[in-house]
Every structure is written in structure tokens, then in C-alpha cells.
Amino acid sequence: MTAAGPASADDGPARGVHALETADPGAGQRVRTGLLTVAGFTHPRGAVALVAEAESRSSSPVGRAKAVWLPWVAGARAQDREDFGRLHKHFSRLVHAVIITRVPAADASDLTQDVFVVMMSKLNTLEDDQAFPGWLLEIARNRANRFLRDRPRSSSLEEVEEPAAPDRSGWPDAKKVLLALQQLPETYAETLAMRLIEGLSGPDIAERTGLTPGSVRVNLHRGMTLLRAQLGLEAKESGDE
């Protein structure tokens with residue numbers, strides 16, 4: 001999502017998926033993902049303005065969107081490649097958001113693809129197609145947890161995702177925000193990742209997760225409060241005004 005406002009996640013190419021892990025500072029790349037960039041925040045005032053903007057844009061009441069993905073679940077179960085592709089396009093950001101709240105960004109893309117492989121192999125075991133989003137995200141959580149359990153003991157998120165120095169504005173960069181996000185309770189971290197990293201709007205999140213729009217707004221509001229505290233932004237914001 002850019003400052004121009006939220007857009008449907010299916011309009012045009014995916015902007016947020018898999019971007020954090022593809023940055024190559026040595027090649028001079030500045031990879032954008034959702035509202036964040038690897039090199040720093042897209043917003044000229046940095047983290048506090050970005051977080052406040054995302055919070056305000058998710059506060060407008062909306063109704064529950066129709067589950068357009070429901071027929072695709074049945075089609076994918078019947079080995080329809082096009083319907084599988086539609087499910088992948090529609091839910092890949094959601095899965096990536098769940099995974100990136102748990103593992104180093106460099107590993108999130110491969111794990112996201114693993115989740116969809118597992119999904120296809122187990123789709124016949126899903127008894128209620130309406131439960132597909134929650135079922136898929138549970139596969140994502142289990143895959144991320146297994147990755148953390150199986151990796152070498154000497155590895156840690158902090159070692160892999162060492163935060164870069166703050167930019168000249170004094171606000172933390174995207175890697176620092178990701179590390180702070182990974183310290184939040186699961187419910188808030190996942191919803192914030194869907195919003196801040198993947199660029200999904202509040203209605204997009206509600207439609208894909210099955211949460212009510214009100215629950216999404218609550219998760220974002222409470223999550224933003226915790227994220228601000230984790231980053232120490234409240235005091236900085238007061239001093240900046």
C-alpha cells in the first residue's frame with residue numbers, strides 16, 4: 001500500500017510479497033514491501049508517521065466482504081490448476097505475513113511456497129471449505145515453527161536480522177520494525193504484518209482471514225499501540241512535535 005490509499009490485493013502485480021528477503025545492499029537495491037522498505041521507511045517522517053497513517057486508514061467501518069475464494073477451494077481439490085493458482089495469488093500475502101512474524105525474512109519466501117505444497121497434499125482432509133483460511137494459516141504457523149525447531153541452535157532471529165542503524169531522521173528502519181513486530185503477541189503481529197508488510201487493507205484482511213472487520217480494526221489498533229511502545233516511538237513523537 002502506498003500513501004495514495006489502499007487497493008485490492010489482486011489489482012496488478014503483488015507489491016508486498018517476498019520483498020524484505022530479496023534486498024541486496026551490495027547491489028544498491030532498495031526493495032519496497034507494503035509500507036516498509038529495506039533501506040528505510042517510505043514516509044519522509046519515518047516510522048511514527050507511517051504507523052499513524054496505517055492506523056488511521058484502517059479505522060473506517062466496512063462490511064464483511066464476500067468470500068470470492070470459496071469456489072476455488074473446491075476447484076483446487078479437484079486438481080484444477082487455475083483454481084489453485086487463484087488461491088495462491090489470493091492468499092500468498094496472508095501466508096507470507098504469518099511466516100515472516102516468526103522466521104528471518106530471508107527464509108519467508110521459500111517457506112511460503114512450502115505451505116502451498118502442503119496445502120494441496122492435504123486439501124482432501126479439509127471438511128469445511130468455509131474454514132479454509134484458518135486451516136491454511138495453521139499450516140503456515142506449523143511450517144514456520146518446524147523450521148525454527150529444525151534449524152541450527154546457534155542461529156537466531158537477532159543474528160540473521162540485525163537491525164540497521166537508524167536513518168538521519170532518527171526513526172527506526174524496516175528491519176528494526178520487523179524485529180519489534182516479531183516480539184508482539186501472535187494475533188497482533190500477524191495482522192500488523194498483513195497491513196504493514198504485505199500492504200493489505202483492512203477489508204482485504206477481513207475477507208481473507210474470516211475475521212470480522214471490527215476484529216481487524218481492534219487487532220490493528222492494539223497492535224499499533226504495542227509496536228509503538230516496542231520501538232519507543234511515543235516519547236520520540238512527543239519530542240518531535
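Side notes on the structure shown:
- Rounded to 0.05, the FRET efficiency of the residue 215 and residue 106 pair, given R0 = 35 Å and the Cβ-Cβ distance, is 0.65.
- Paramagnetic label reach from residue 150 (point 7 Å along Cα→Cβ; backbone nitrogen cut-off under 17 Å): within the stretch 116-143, residues 116-122, 139-143.
- Counting neighbouring beta carbons within 10 Å and listing from fewest to most, the residues 128, 173, 107 come out as 128, 107, 173.
- When the listed pairs 89/176; 89/175; 66/176; 122/175 are checked against a 30 Å cut-off, the alpha-carbon distance exceeds it for 66/176; 122/175.
Throughout, read-outs are computed from the coordinates displayed, never taken from laboratory work. All figures in this text were calculated on a predicted structure; none of them were measured in a lab. Cβ coordinates were reconstructed from backbone atoms using ideal geometry, including for glycine residues, and neighbour counts include every protein chain displayed.
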